[in-house]
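Peer 1: Here's a structure for you.
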Amino acid sequence: MTATEPLTEKHPEALISREKANLNQNDLKPITRRSMGFWATFNATFITILLAEMGDKTQLATLLMSAESQAPWIVFGGAAIALIATSLIGCLLGWWLAKRVSPKTMDLAAATILLVVSVLLLSDVVQL
């Protein structure tokens, strides 16, 4: 292909290289959690925590405490403040770690911890 020859379907590599040359560096920005937006992040967090907490020991404890005390709104208030406090601790710790540890290392650490917990639970069930 010569410099004067027009770009046609015969030379798709020229079309591709010209398109690459026209791309701005911002066009290649990876999608990150930071670029998700407020509502996408909020909804993902809400749904994940709601499903993770449904039927867990915290919910069962609040159910029993509410039935025992006959004061559901007081139990709700105490449980809500406790969950807010633990969520705050988790968010602050995550924020602190994100500034000091790479995402790849965080993924590897989380995977390792989950693998160890899974092996311990499996060994408990199988009685190895």
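Computed from the coordinates by the stated procedures, all read-outs in this text should not be read as laboratory data. Because the structure is predicted, anything quoted here is derived from the model rather than measured. With ideal geometry, Cβ positions are generated from the backbone for all residues, glycine too; neighbour counts draw on all protein chains shown.
Peer 1: Go through region 113-124 residue by residue and turn each phi into a ³J(HN,Hα) via Karplus (6.51, -1.76, 1.60, θ = phi - 60°); whole Hz please, and just put x for glycine and proline.
Peer 2: Those phi angles translate into 4, 5, 5, 5, 4, 4, 5, 5, 5, 5, 5, 5 Hz.
Peer 1: Oh, and also: Which of the peptides 46-57, 74-85 is most tightly packed, and how do the rest follow, judged by the mean count of other Cβ atoms within 10 Å per residue? Each step should come with its number before you reach the end.
Peer 2: Working: 46-57: 9.7, 74-85: 12.8.
Ranked by mean Cβ neighbours within 10 Å, highest first: 74-85, 46-57.
Peer 1: If you don't mind, there's one more thing I want to ask. W73 versus T86, label points 7 Å from Cα toward the beta carbon: distance in nm?
Peer 2: Placing both labels 7 Å beyond Cα along the Cβ direction yields 2.5 nm.
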